[in-house]
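Scroll down for the structure; my scribbles are underneath it.
The values are calculated or read from the model by the stated rules, or taken from the named source; none is laboratory data. Just so we're clear, the structure is a prediction, and the values are computed from it rather than from any experiment. All Cβ positions, glycine included, derive from the backbone under ideal geometry; neighbour counts span all protein chains shown.
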Amino acid sequence: MQCPLQTDRLRLRMWTAGDYPAYAAFYDQPEVTRFVGGQKDAEDAWRHLAMQLGHWKLRGFGYYAVEKKATRDFVGCVGVWQSAAWPETELGYWVVPSAQGKGLALEAASAVLNEAKTAPEITSLVSYIDPSNGPSIRLAERLGAIEDGSIELASFGQHLVFRHF
């Protein structure tokens, strides 16, 4: 997959050390991180950010840092992930609370989905979503995903499977 990607309002790019303060601030909020691995202290947030870069190196694709083009403000994380323990590649997304409800996750995820469809290393794409995460389910449906059963995800518990392709 290519990096960076651009949309009308957003730039999806590779992670930098400069993203760490906003990344750590996001992961310091238990109420907003419950569906993306939960709250992390500063050291765990640093390790998690480093893991984002490592995934790109190992797989050739991963999660992008998402920023507004006009202001360069960090607004979230959208991309594809293939854990060794998961059966299929996942399209995932999160945006910081101040960016929610503005269509930014849809815009970014649409760009990633279109890019993933042409990536030869991605033969199927799903979103694994906690059944109680209504906003994520609605976003997957707006992206055209179809509910396709459920799965027990390693340490994350039961998740619905939404198939993109």
Yes/no for residue 36 being more than 30 Å from residue 123 (Cα to Cα), of a type in the set (A, V, I, L, M, F, W, C) and out of contact with any Lys or Arg (no Cβ under 9 Å at 6 or more places or on another chain) = no
Got a sec? Which of 149, 134, 144 is of a type outside the set (A, V, I, L, M), more than 26 Å from residue 31 (Cβ to Cβ), exposed (fewer than 12 other Cβ atoms within 10 Å of the Cβ) and at pLDDT 95 or above?
-> 149
Evaluate segment 119-128: report whether one residue or more is over 27 Å from residue 6 (Cβ atoms) and touching a helix residue (DSSP H, G or I) at 6+ places or on another chain (Cβ under 6 Å).
-> no
Residue check for residue 87: surrounded by fewer than 19 Cβ atoms within 10 Å (Cβ to Cβ), at pLDDT below 95 and of a type outside the set (Phe, Trp, Tyr) | yes
Determine if segment 18-29 includes at least one residue that is closer than 16 Å to residue 93 by Cβ and at pLDDT below 95.
-> no
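Filtering segment 1-16 down to residues that are modelled with pLDDT of 95 or more and not charged (D, E, K, R), which residue is surrounded by the most Cβ atoms within 10 Å (Cβ to Cβ)? Before you say what the answer is, go through the steps one by one.
Within segment 1-16, the first condition is being modelled with pLDDT of 95 or more, and the residues that meet it are 5-16.
Among the residues that remain, those that are also not charged (D, E, K, R) are: 5-7, 10, 12, 14-16.
Working: 5: 19, 6: 11, 7: 16, 10: 24, 12: 26, 14: 13, 15: 19, 16: 10.
Among them, the one singled out is 12.
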Any idea which residue in segment 25-61 is nearest to residue 101 (Cα to Cα), counting only those that are in contact with a helix residue (DSSP H, G or I) (Cβ under 6 Å, 6 or more places away or on another chain) and either surrounded by fewer than 17 Cβ atoms within 10 Å (Cβ to Cβ) or touching a residue at least 24 places away in the same chain (Cβ under 8 Å) (or both)?
-> 32
Can you pull out the residues in segment 130-159 that are touching a residue at least 60 places away in the same chain (Cβ under 8 Å) and closer than 21 Å to residue 107 by Cα?
-> 133, 136
Which one of these is touching a Lys or Arg at 6+ places or on another chain (Cβ under 9 Å) and either at pLDDT 95 or above or surrounded by 19 or more Cβ atoms within 10 Å (Cβ to Cβ) (or both): 70, 105?
-> 70
